[in-house]
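The values are calculated or read from the model by the stated rules, or taken from the named source; none is laboratory data. Since the model is a prediction, treat every value here as computed from it, not as a measurement. Note that each Cβ is placed from the backbone with ideal geometry, even for glycine, and that neighbours are counted across all protein chains shown. For the accessible areas, the whole protein counts, side chains as well, though only heavy atoms, and no ligand, DNA or RNA atoms are used. Shrake-Rupley method; radii C 1.70, N 1.55, O 1.52, S 1.80 Å.
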Amino acid sequence: MSKYAVIDLEMCNVPKELRKGTYRRASEIIQIGAVLLDENLEIEDSFMTYVSPEYGFVDDFIKNLTGITQKDVQGAPDLREALQAFAEWLPAGVTVVSWSMTDALQIQREAEAKNITIGGLEEILDNWVDSQKLFAEKMHSTRCYKLSEALVAADIIYEDGAHDGLVDAHNTALLFAKMLREPELVLNKYYKNAITGEESSSGFCLGSLFAGLDLSGLAVA
């Protein structure tokens with residue numbers, strides 16, 4: 001069985017007036033978080049680095065969303081150094097996984113715009129696994145589920161941490177491992193009843209399951 005590295009990125013905005021020259025993208029990576037799943041699908045290691053943006057900056061919106069500050073990224077490795085460190089951390093033959101393909105596309109497009117070449121990066125991107133798509137397949141659905149809903153649906157006790165790259169990578173890894181272990185994904189019984197339109201004797205519904213929960217905190221952009 002292969003090893004898997006589950007990754008999550010956090011990004012800052014690049015204002016329109018700062019999108020100059022070859023860099024015309026609206027965002028830049030400011031954090032890389034990842035966890036490594038061993039052959040038994042258990043978490044055996046983790047990786048985290050902040051990344052210093054070249055064009056954008058951590059504004060109040062991103063600070064409030066992620067908890068990352070401009071001070072955190074000042075003096076941090078630039079993207080070339082961060083990706084090199086990440087690539088060196090990965091064991092040979094590992095498959096990289098994320099929630100949706102957004103992070104893979106961000107790495108690919110930002111690296112191209114900044115003329116960054118990292119040995120093995122192209123192979124990593126070519127073999128990337130979209131766990132959001134896998135979850136939808138397990139649910140026999142075409143929906144694009146938020147990570148927060150998927151974790152509740154799969155009955156996973158997850159670590160809370162709004163848009164922290166390492167926390168989201170950890171939570172995604174728990175869900176990904178469960179999906180690989182279970183040919184037919186075992187769902188939270190209350191969630192399953194709610195989505196099939198059934199109600200328990202207590203009158204439970206989907207709204208009750210999520211009542212009081214801030215599900216936006218773990219949603220991956």
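Overview of results
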read-out: Probe 1.4 Å - accessible area at CYS144, Å² to nearest ten; value: 110
read-out: Carbon and sulfur %, accessible surface of the chain computed with the full protein complex present, 1.4 Å; value: 48
read-out: Computed [θ] at 222 nm, deg cm²/dmol, the chain (DSSP H ≥ 4; -39,500 (n - 2.57); rounded to nearest 500); value: -10500 deg cm²/dmol
read-out: On Cα atoms only, tilt of 102-113 relative to the major axis of the chain in degrees; value: 10
read-out: Where labels lie 7 Å past Cα in the beta-carbon direction, separation of ASN40 and LYS20 in nm; value: 5.5
read-out: Solvent-accessible area of THR117 with every protein chain in place, 1.4 Å probe, in Å² to the nearest 10; value: 120
read-out: Order of exposure, largest accessible area first, which applies to THR142, THR196, THR22 with probe 1.4 Å; value: THR142, THR22, THR196
read-out: Residue order for TYR50, TYR23 - accessible surface, 1.4 angstrom probe, largest first; value: TYR50, TYR23
read-out: Accessible surface, the stretch 33-118, averaged per residue in Å² (probe 1.4 Å); value: 49
read-out: Angle between the chain longest axis and helix 79-89 axis [Cα atoms, degrees, rounded to 10]; value: 60
read-out: For LEU41, solvent-accessible area (1.4 Å; no DNA, RNA or ligand), Å²; value: 10
read-out: The chain: translational diffusion in µm²/s, Stokes-Einstein, Kirkwood Rh over Cα pairs, 10 °C, 1.306 mPa s; value: 86
read-out: C-alpha center-to-center spacing [the stretch 43-77, the stretch 118-153] in angstrom; value: 23
read-out: Sequence of ILE156, ILE68 when ordered by accessible area, the most exposed leading, probe 1.4 angstrom; value: ILE156, ILE68
read-out: Accessible surface, the stretch 122-189, averaged per residue in Å² (probe 1.4 Å); value: 50
read-out: The chain, dipole about Cα centre (Lys/Arg Cβ +1, Asp/Glu Cβ -1), debye to the nearest 20; value: 660
